[in-house]
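For reference, the structure discussed in these notes is given below.
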Amino acid sequence: MSFIRPEKYVYYFCDESSQVRDPYMAVAGLAVPDAALAKIRNDLIELRKANGNPREVKWSTTKSRRDSPERAFADYFEAAIMSGQIHFHIRFAPFDEYNHKSSGPRLRSDTTSKMHFQLLLHRALRFYGPRYSLRICPDNGDCTRALPSQIETLHWMSSGKYNTPSGCIESIRCMDSEREPLLQLLDVPLGALTALRNKRELSAPKRDLAHYIKAKWPDLDLHGNTPNGKKGFVVWNVKPKDTRPRDPWS
């Protein structure tokens with residue numbers, strides 16, 4: 001599945017989940033061509049209004065209600081994936097195995113920042129950099145704050161690895177998820193699939209929503225890797241190269 005020209009820009013929204021307490025953390029990206037952006041954003045605003053009109057649709061605030069905005073967003077996510085309007089990429093990593101001290105002074109936050117960098121390099125730039133200009137929109141926070149300063153490094157690494165043109169990233173601008181419906185659309189499947197990957201004990205509303213989303217892709221393997229060449233719905237599991245030092249007394 002691929003976007004059709006003459007779209008000039010691809011917007012790439014990204015966020016993270018479970019970097020604090022779970023065995024596996026995830027970063028994920030949502031790719032949207034410029035021609036589809038305004039309609040999807042407006043559709044999501046209308047969906048929100050029709051389903052209780054919350055200020056923000058979030059996995060973490062999922063409740064049991066008939067007019068569930070999270071379920072409405074999950075349905076929209078499925079339809080947009082299946083029609084090729086959006087692409088979704090999720091990257092899982094066994095977070096406790098990493099040597100966070102080697103990442104930087106902010107430890108786990110710096111490791112998560114590196115996870116975002118890898119997602120952008122090996123998915124956003126690899127998949128879209130050769131043909132489109134990228135407008136990258138991370139959710140605002142400690143883990144994404146450094147990304148705008150890393151544009152030139154991303155350009156340099158992707159040009160050598162994926163033959164992307166210099167300057168294919170037009171911008172990296174952190175955004176507030178409360179004000180950006182596309183980040184909310186990303187948050188719902190990201191939170192649900194990461195909870196399933198961690199086999200987390202969930203409240204009934206979250207458990208039902210997570211299985212509702214997973215049932216839309218019954219053959220999806222959250223423990224494996226999507227074959228090369230696929231872009232529409234990508235699962236990517238990684239292992240650390242720099243592992244946490246072993247306890248010499250263990």
**Asked** In the stretch 19-44, how many residues are part of a loop (DSSP other than H, G, I, E, B) and among the hydrophobic types (A, V, I, L, M, F, W, C)?
**Response** 1
**Request:** Return yes when residue 109 is among the hydroxyl-bearing types (Ser, Thr, Tyr), touching a Cys at 6+ places or on another chain (Cβ under 7 Å) and modelled with pLDDT under 95 and no when it is not.
**Result:** yes
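Test of understanding: among 145, 135, 179, which residue is part of a strand (DSSP E or B) and open to solvent by 40 Å² or more (accessible area, probe 1.4 Å)?
Numbers: 145 fails: part of a strand (DSSP E or B); 179 fails: part of a strand (DSSP E or B).
After applying the criteria, what remains is 135.
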**Fill in**
Looking across the stretch 113-132 at residues that are over 12 Å from residue 12 (Cβ atoms) and outside any helix (DSSP H, G or I), the single one that is least open to solvent (accessible area, probe 1.4 Å) is 130
**Complete:** With criteria (1) crowded, with 16+ Cβ neighbours inside 10 Å; (2) in a helix (DSSP H, G or I); (3) modelled with pLDDT of 95 or more, residue 211 comes up short on (1)
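Residues are listed down the side, and each one gets a yes or a no for (1) β-branched (Val, Ile, Thr); (2) more than 17 Å from the chain's Cα centre (by Cα); (3) farther than 16 Å from residue 60 by Cβ:
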{"residue": "154", "(1), (2), (3)": "no, yes, yes"}
{"residue": "161", "(1), (2), (3)": "no, yes, yes"}
{"residue": "175", "(1), (2), (3)": "no, no, yes"}
{"residue": "190", "(1), (2), (3)": "no, no, no"}
{"residue": "198", "(1), (2), (3)": "no, no, no"}
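Mind checking which residues of the stretch 156-174 are assigned to a strand (DSSP E or B) and either buried (at least 21 other Cβ atoms within 10 Å of the Cβ) or free of Cβ contacts under 8 Å to residues at least 60 places away in the same chain (or both)? Before the answer, list the steps.
As a first pass, look at the stretch 156-174 and keep what is assigned to a strand (DSSP E or B): 169-172.
The answer is 169, 171, 172.
The values are calculated or read from the model by the stated rules, or taken from the named source; none is laboratory data. Not measured: the values here are computed from a predicted model. A quick note on method: Cβ atoms are made from the backbone with ideal geometry, for glycine too, and the neighbour counts reach across all protein chains shown. Ligands, DNA and RNA are excluded from the accessible area calculation, which covers all protein heavy atoms including side chains. Shrake-Rupley method; radii C 1.70, N 1.55, O 1.52, S 1.80 Å.
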